Amino acid sequence: MERMLRICQKLYGDYRWGRYDVMRAPRSFPFGGMENPRLTFATPTILAGDRSLTALVAHELAHSWSGNLVTNATWNDFWLNEGFTVYFENRICEAVYGEDYAHAAAAWPWDLKGVIDKLEAKGHHADTHLRLHLEGRDPR
Ligand SMILES: [Zn+2]
């Protein structure tokens, strides 16, 4: 994490939150990670024993810039928050693990059409667009 933090600061400027920690969340934690200024909550499954899942830390650390310093004006544009963060995550991992890792991560066989088809089948048409339409929706 120290190396990632140094890389982040080299790429994007000073870390403005003082201290950065990762807390292992309980098994019931429903997400991979959740960024907060100074502290990330992480799923216990991140502890694979071989450091193979550290991209999650890179992602949550990246939110210290994109998301926590600069963010979308409305939740309808949430994709800006995650889009810049995924880009930053990939730049961090490229610097830590090398260009081959970055190319492999970019080539991950996302089945975006499959995800969209599943959302459509469940009637979640509004969630198949970059710009969300959250007015009147319960965030739960
Ligand atoms: Zn994120």
Checklist line | Close pairs (8 angstrom Cβ cut-off, 6 or more residues apart or separate chains): on the phi > 0 side of the Ramachandran plot in segment 19-45, surrounded by fewer than 15 Cβ atoms within 10 Å (Cβ to Cβ) and among the basic types (Lys, Arg) anywhere | finding: Arg38/Arg19
Note to self: Return the residues of segment 24-48 that are loosely packed, with under 12 Cβ neighbours inside 10 Å and either touching a Ser or Thr at 6+ places or on another chain (Cβ under 7 Å) or part of a loop (DSSP other than H, G, I, E, B) (or both); say none if nothing qualifies.
What the structure shows: Pro26, Arg27, Ser28, Pro30, Phe31, Leu47, Ala48
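Residues checked against (1) away from the ligand (no atom under 16 Å from the Cβ); (2) over 21 Å from Ala25 (Cα atoms):
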| position | (1), (2) |
| --- | --- |
| Asn36 | no, no |
| His59 | no, no |
| Trp79 | no, yes |
| Phe88 | no, yes |
| Glu94 | yes, yes |
| Tyr101 | yes, yes |
| Lys118 | yes, yes |
| Gly123 | yes, yes |
Margin query: Show the residue pairs meeting these rules: Cβ distance below 6 Å; 6+ apart or different chains; first residue within segment 67-91 and farther than 15 Å from Tyr15 by Cβ and assigned to a helix (DSSP H, G or I); second residue away from the ligand (no atom under 11 Å from the Cβ) and basic (Lys, Arg).
Written below: Asn76/Arg131
Next item on the list: Identify the single condition in (1) touching a residue at least 12 places away in the same chain (Cβ under 8 Å); (2) not in a loop (DSSP other than H, G, I, E, B) that Arg6 does not satisfy, given that it satisfies every other one.
Entry: (1)
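None of the figures in this text is laboratory data; all of them are computed from the coordinates on show. Keep in mind that this is a model prediction, so the values were computed, not measured. For neighbour counting, all protein chains shown are included, and Cβ atoms are generated from backbone atoms with ideal geometry for every residue, glycine included.
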